[in-house]
Amino acid sequence: MRFGTLFASVVSIPFLFAAAAPAGSETIGGLTIGSIINVLGIGIVQDVNVITTLETFTTNQVEVNFDAKNPLPFELTIDRVVSSAGLNDTVYATFDHTFSTPFIVKPSGTANSGTFGNVSLPQGVEGSLSIIPVGVLDLSKTDVFVRAATINGKLGFPLQIDGLKQSSVPTTYTLDLS
């Protein structure tokens, strides 16, 4: 058996147990799905793109899009993400975004979230400039509302994956003055 197939099968087990569990019971042996994913070091976010606009300088909000990866052998559909990101234990960006059109991440694939706004900069624009040259962000707490085993984004088992953490996510910054 190939290692990739074995790995995907093992990683799928927590999702399948959680999907089969009654609503509200998203723990396995006292561990949340997010804790299991963190321990396995899977990481769902491949990269982040931050877009600064002219409005950012008055609103302290940026636009963001990210690429999500799915190491599992079944489709995931992402409906909502709540996240805090930063560097060196300082939170530089927060958002709570429900996708008007949920995005689908095919089995063993990646998909882009599409660009969305209302990403707050708790440190303000000036306080956030110092992290740009570093080129990475740490996701300090991310909650993802997904539907597992969807078929072209339809149906599936709703799961709330709480407390995801991921370090050193490659991040690009773009200044859009149009």
- Determine which residues of the stretch 57-90 fall in the zone a paramagnetic label at Val125 would reach in this model, i.e. backbone nitrogen under 12 Å from the point 7 Å along Cα→Cβ. 57-62
- Residue list for the stretch 144-178, given a label point 7 angstrom along the Cα-to-Cβ vector of Leu54 and an amide N cut-off under 12 Å: 176-178
- Note on the structure: Hydrodynamic calc, the stretch 134-178: Kirkwood Rh from Cα pairs, then Stokes-Einstein at 37 °C with viscosity 0.692 mPa s, so D in µm² s⁻¹ is 249
- Please work out the Cα center distance from the stretch 67-108 to the stretch 138-152, rounded to the nearest Å. 6
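Please report, as a whole percent, how much of the solvent-accessible surface of the stretch 103-178 comes from carbon and sulfur atoms (probe radius 1.4 Å).
Numbers: 2380 of 4090 Å².
After summing per-atom areas, the C and S share lands at 58 percent.
Send over the per residue convex hull volume for the stretch 78-178, Cα only, as a whole number of Å³.
Numbers: hull volume 12.2 nm³, N = 101.
Cα convex hull per residue, to the nearest whole number: 121 Å³.
The values are calculated or read from the model by the stated rules, or taken from the named source; none is laboratory data. Bear in mind the structure is a predicted one, so any value in this text is a computation, not a measurement. Note that each Cβ is placed from the backbone with ideal geometry, even for glycine, and that neighbours are counted across all protein chains shown. Just so you know, the surface numbers come from the protein's heavy atoms only, side chains and all, with ligands and any DNA or RNA stripped out. Shrake-Rupley method; radii C 1.70, N 1.55, O 1.52, S 1.80 Å.
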